[in-house]
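Data first, discussion second: the structure below is written as structure tokens.
The values are calculated or read from the model by the stated rules, or taken from the named source; none is laboratory data. This structure is a prediction, so every number in the text was calculated from the model and none was measured. Here the Cβ is made from the backbone with ideal geometry for all residues, glycine too, and neighbour counts use every protein chain on show.
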Amino acid sequence: MTSSTSGGAGDPSPSLWANRRFTTLFTAHVTSLVGSGIGSVALALLAEKIVGASAATVLALTLTIRIAIFVFIAPLAGQLADRLGRKATMLLMDFLRVIVVSGFFFANALWQIYLLAFLMHLGSALFTPVYKAVIPGIVGETQYPKALAFGTVAYDLSNIAGPSLAALVIALAGFRGNFIVDAATFLLSAILILTIRIDPPGAAVEKPKTEFLYGAKKMLTVPGLLASLFFALRVSIVGGLALVATVNFVKIELGLSDMLYAWTMTALGVGSAAGALIYASIGTAWQDRLGKCVLPGFFFALVLAALSTNATTLMIAWVVSGAGQSIYGIISNRLLAANSSEEDRPHIYAAHFSLSHAGWGITYPLSGLLATHLGFQPTCWIFAGILALTLLPYLAGARFRMPESA
């Protein structure tokens, strides 16, 4: 295992918020996340305007495009960071998204939506792994769990703030105005990134060529990195089910309102934010204990969901599920940092970003197919069985003995 708290951070500041490089990057991250939430609302309305009742199909296809890009193109992030430098790569992807999101403002044909969605997700696939790889070297090992927790909370809150701001913009400027606001958030993100040092001191822009599958090979051969993939797979199992199948259960099987569906999905975000904050605020020993509770918590959530006959019970299940997902996300990222060096971190994070999204590429369509043809509750039982299969590597020998915490 390679400890890696180098890269200019040294010993972290007593307060994470006293670290200017972190606060600047975090602000840039939050800004673009809120912009993405605004843009997602505008994209749904644009699809409805162009194709009417087929808007859901269009959005499903753009989601498929997203997953495909994350799986097959994200590994290039490490290569690009080697060639251009991390800061230049992040800036380039932010500027790309400024142009692409602005293009949505003028889109009036289906092929334009698909092309722009491809380019937008390409920017995210090459930006996000580099951003995640930068954080450990900036904040240091001690503050890293808190940085991850705040990142998780920011993501959850952006899912609430983004649509709310989108409604305000729609009232003032129409739904297309949201694309301009979204573009402005990426521009602001780029400006903030310009003001700080990101690449390690003395790092050469041009580096020796690294094997394309270097990160993937490390992910599959280093036990700690392999463990992070299994955590991500478990999150995709419970998360994919909740995101895809809940709407059928609440709206069709229970016949409840749009508002109750929104509250049910909000429970997932509330659980995620709470789990991240609790995990970051407790000591290492308690973090280890909490990490070991996540998998049983996932089984509890799936069983409770399978037995649910009302939205309230399902909300409780999704709070537990959301908390476990955020805790596993933090543990997974800590394992990535602990099992990589400053030099190979962009490749490791890019490979993890790619391989972990492969799980979502399976659970999204599978949960939709099963929920449509079998119903929500049988789907929950099936997904509980799939979750149980992730225990098999622990029974396969010493090589696959992986921690439940970092």
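Annotations for the structure displayed:
- The set of residues from segment 102-116 being touching a residue at least 40 places away in the same chain (Cβ under 8 Å), hydrophobic (A, V, I, L, M, F, W, C) and closer than 17 Å to residue 63 by Cβ comprises 104, 110, 113.
- Scan segment 86-126 for residues that are part of a helix (DSSP H, G or I) and either farther than 24 Å from residue 176 by Cβ or aliphatic (A, V, I, L, M) (or both) and the total you get is 23.
- Taken over segment 113-157, the residue count meeting the criterion of being under 20 Å from residue 339 (Cβ atoms), of a type in the set (Phe, Trp, Tyr) and under 16 Å from the mean Cα position of the chain (by Cα) is 1.
- Qualifying position, being modelled with pLDDT under 90 and touching a Pro at 6+ places or on another chain (Cβ under 6 Å), among 153, 139, 169: 139
- Candidates are the residues of segment 29-41 that are at pLDDT 80 or above and of a type in the set (A, V, I, L, M); the one that is surrounded by the most Cβ atoms within 10 Å (Cβ to Cβ) is 38.
- Meets criteria (β-branched (Val, Ile, Thr) and either over 29 Å from residue 85 (Cβ atoms) or touching a Pro at 6+ places or on another chain (Cβ under 6 Å) (or both)) for residue 327: yes
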